[in-house]
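The values are calculated or read from the model by the stated rules, or taken from the named source; none is laboratory data. Values in this document were obtained by computation on a predicted structure and should not be read as measured data. Cβ coordinates were reconstructed from backbone atoms using ideal geometry, including for glycine residues, and neighbour counts include every protein chain displayed.
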Amino acid sequence: MKRIAIFLLLLFSLDSVFALTAYEMVKKSENLVRGNTNQGILEMTITTPYFTRTLKMHIWNKGLKKTFVRIFSPAKEAGIGSLKMGDEMWNYLPAIEKIIKIPPSMMMSAWMGSDFSNDDVVKESSIVEDYNHRILTEERLSGYDAYKIECIPKENAPVVWGKIYFWLRKSDHLPLKQEYYDEKGKLIKVLESIEVGSMGGRVIPILSEMRTIGKENSKTTLRVREMSFDVSIADSVFTLRHLQTLRAKE
Amino acid sequence: MKTFIKIAWRNIFRNWRRSFFAILAIATGLGALIFVWAFVDGTNQQEVSTYTSFLSGHIQIHKTGFQRELSVFRALDNPSAILSEIAHQENIEEFSERIEQRVLLSFADKTSGAILMGVDPEKESKITTLWKMMEHGRFLGPADQSGIVVGKDLAERFNLSLGSEVSVLAQAADGSLGAAKFKVIGIYHSGIDTIDRVYVFVTLPAAQDLFALWGRATGIVIKAKKIESVTNLQSSLSKELGQGIEVLDWRKIIPELETSVILHEVEATIILAIVFLIVAIGILNTVLMSVVERVREFGIMMALGTANLQITMLVVMEAFLLGTVGVILGGVGGLIVTSILGKRGIDLTSYMEFLQASPRTPDIIYPILRLDRIILLAGLVLMVTIFASIYPAVKAARYQPVVAIRTGETV
């Protein structure tokens, strides 16, 4: 009897040995919001002291290396597209019928004038693979129990950030907040999940806000209007040909 | 006092030859200075007229801070309101709305920065002269919504010819990316490479579309009726339009031009200083000689009771009278000669080939007379004359009467 009791005790305590590492938590978080593939409709609202503008776009993601975005609203910018294949990124401007390749040096510049960079939109760098992770503390954030994870870039990682703090929900590893710091340790950008909801069978952030520190009157919000996960997407979507060809879209 | 003037006057004519040449020196000095300054003023005015006629106009109106960065977010909100507000100004000959912005120009595999000007072709042609300097094709007309006019240097760099299709990318006022294609309909050549390399022109409506600035503009360019009235016009407009609007005259828009104008004036000032020096030395010599000759005479005057100060004043008075006559003659003479040349112009074409400092420097210079300058110069020459006579005058007053009378010499 005693043996069984000890065995059962050990069994239950083994639970903590199988607790997830920081790396695994971040990986789960990314998988939650990306899946193997995802496609949907996003609404990006850019607010600055000079203008407020809302872009509506279709987005397709396949794995970590293929991303396609097509803007369909407003009319002036409808037809503009962004494509990422492997390590390369292109934009297409229908007004001048030109494909523009985005060099690595421009990956940190704003995408379409927003607070999101090209890198943010196409996920050129991977928060999972390019960083070393470590749990710092457990905190309460926005009413949820969260882990605060410190992400430091690996050597030779193609990453501009000095470090990233990643808050994710304890229960399901949903990303709550990310703080981006430069190499000198100065806070540059903050991405926060404002609203969480159900989309495509998952609970994900449906409204996020990106703010640049120093530009207090500007922000960009991203709202997920539609999203489906792990539906198969043809590889032909992620081609320069598709980028240049405007198919009839919703 | 009256007696002194009488005595001084008569003293001058005692040696009329010497007095004549002294007066001649003063007159020639003043006359030459009047001419030199009129030449410089004429050159400057023509240079300013010519250079401001290329592109900058005499005065530009923007939202405060626009000139520094050309930011599309600092466009004028209501240019037509400003236009009606300033329409009453008499000194304005012509005004026109413009959009001026930095853009990215792209053709084939070349991409480079340029400054795009969205202009009203009809109004613009009354203010600036680039439209007359077409080397190929023609300037914009109101119907050319997708036409672009580029400078010769830029066309060469991109390898553009008439009909080439260029892409223009820019930051639009609503935050979006402005993108449009234009066809080259004209190539201009002003000879000023900072213009030819950089500025490209489209119609104002085309620019308003590109930058999402419908109904708006980034600036208003003004041509004044007379170049001399630009400064007054600028301050008048500035007061009228108040804070939030910057009214800039050509000095702020093309500071290099103002530097050139100042440089010419500095050169003229150096000549001025030299002429003063020479006239001063000449007068000093003349007056000194006349004083040394009259040692005995001064000695007797002093023995008879004339005060030292009176002797000094007498000598200075003589110089003053010489100066006055010289200045009057020099002033009139300089005025006449300069006006004749002012009408006819000074033709420097044969020299200009070697001196081609910049393109379109006028080959014929028309000197300009300015009353304020002439009065100032006359006054200064007179003062120099008086100043030069002080040393001999004081010296005369120091003579010892007894020694002076007996020996005709100073101690």
- Task: Could you please find all residues in region A:18-46 being within 14 Å of chain B (Cβ to nearest Cβ) and buried (at least 18 other Cβ atoms within 10 Å of the Cβ)?
- Result: A:MET44, A:ILE46
- Item | Flag if A:GLU77 is within 14 Å of chain B (Cβ to nearest Cβ), surrounded by fewer than 17 Cβ atoms within 10 Å (Cβ to Cβ) and either touching a Pro at 6+ places or on another chain (Cβ under 7 Å) or not hydrophobic (A, V, I, L, M, F, W, C) (or both) | no
- Please report, ordered by residue number, the strands (runs of 3 or more DSSP E) entirely within region B:64-140 with at least 2 residues that are within 14 Å of another protein chain (Cβ to nearest Cβ). B:92-107, B:110-119
- Task: Please name all residue pairs, on different chains or six or more residues apart, with Cβ atoms under 8 Å, provided the first residue is in region A:88-101 and is at the interface with chain B (Cβ under 7 Å from one of its Cβ atoms) and the second residue is β-branched (Val, Ile, Thr).
- Result: A:LEU93/A:ILE80; A:LEU93/A:ILE100; A:ILE96/B:VAL168
- Which pairs have Cβ atoms under 9 Å, sit 6 or more apart or on different chains, and link a residue in region B:164-187 that is more than 8 Å from every other protein chain (Cβ to nearest Cβ) and hydroxyl-bearing (Ser, Thr, Tyr) to one that is surrounded by fewer than 21 Cβ atoms within 10 Å (Cβ to Cβ) and in a strand (DSSP E or B)? B:SER164/B:PHE107; B:SER164/B:LYS183
- Message: Could you go through region B:212-234 and let me know if any residue there is assigned to a helix (DSSP H, G or I), in contact with a Gly (Cβ under 7 Å, 6 or more places away or on another chain) and either farther than 23 Å from B:GLU90 by Cβ or assigned by TED's automatic domain parsing to the domain that holds B:GLU100 (or both).
- Response: no
- Query: Looking only at strands (runs of 3 or more DSSP E) that fall completely inside region A:171-250, which ones have 2 or more residues that are within 28 Å of A:TYR131 (Cα to Cα) and of a type in the set (S, T, N, Q)?
  - Reply: A:202-212, A:219-229
- Test: B:ASN15 is more than 26 Å from the chain's Cα centre (by Cα) and of a type in the set (S, T, N, Q): yes
- Query: Can you pull out the residues in region A:181-198 that are over 9 Å from A:GLY162 (Cβ atoms), over 13 Å from the mean Cα position of the chain (by Cα) and among the hydroxyl-bearing types (Ser, Thr, Tyr)?
  - Reply: A:SER198
- Which members of region A:47-63 meet the condition of being surrounded by fewer than 16 Cβ atoms within 10 Å (Cβ to Cβ) and more than 11 Å from chain B (Cβ to nearest Cβ)? A:GLY63
- Going through region B:288-303 in order, the residues found to be in contact with an Asp or Glu (Cβ under 8 Å, 6 or more places away or on another chain) and more than 13 Å from B:THR407 (Cβ to Cβ) are B:SER290
- Message: Kindly evaluate B:PHE4 against the criterion of being hydrophobic (A, V, I, L, M, F, W, C), over 20 Å from B:GLY323 (Cβ atoms) and assigned to a helix (DSSP H, G or I).
- Response: no
- Query: Among the residues of region B:212-227, how many are loosely packed, with under 14 Cβ neighbours inside 10 Å and within 27 Å of B:ARG370 (Cβ to Cβ)?
  - Reply: 1
- For A:ILE127, the lone unmet condition from (1) under 16 Å from the mean Cα position of the chain (by Cα); (2) within 11 Å of chain B (Cβ to nearest Cβ) is (2)
- Note on the structure: Matching residues in region B:188-226 (within 14 Å of chain A (Cβ to nearest Cβ) and either of a type in the set (Phe, Trp, Tyr) or under 27 Å from the mean Cα position of the chain (by Cα) (or both)) number 2
- Residues of region B:258-291 being free of Cβ contacts under 8 Å to residues at least 60 places away in the same chain and in contact with a helix residue (DSSP H, G or I) (Cβ under 8 Å, 6 or more places away or on another chain), in sequence order, are B:GLU258
- Query: Restricted to region B:141-163, and to residues that are among the small types (Gly, Ala, Ser) and farther than 30 Å from A:ALA75 by Cα, which residue is farthest from the other protein chains (Cβ to nearest Cβ)?
  - Reply: B:GLY151
- Restricting the first residue to region A:71-82 and requiring it to be over 13 Å from B:LEU177 (Cβ atoms), which pairs with a second residue that is of a type in the set (Lys, Arg) meet a Cβ separation below 7 Å and a spacing of at least six or different chains? A:PHE72/A:LYS56; A:PHE72/A:LYS249; A:SER73/A:LYS56
- Any residue at all in region B:28-40 that is free of Cβ contacts under 8 Å to residues at least 60 places away in the same chain, within 26 Å of the chain's Cα centre (by Cα) and surrounded by fewer than 21 Cβ atoms within 10 Å (Cβ to Cβ)? no
- Query: Can you spot a residue in region B:238-258 that is closer than 18 Å to B:ILE5 by Cα and surrounded by 14 or more Cβ atoms within 10 Å (Cβ to Cβ)?
  - Reply: no
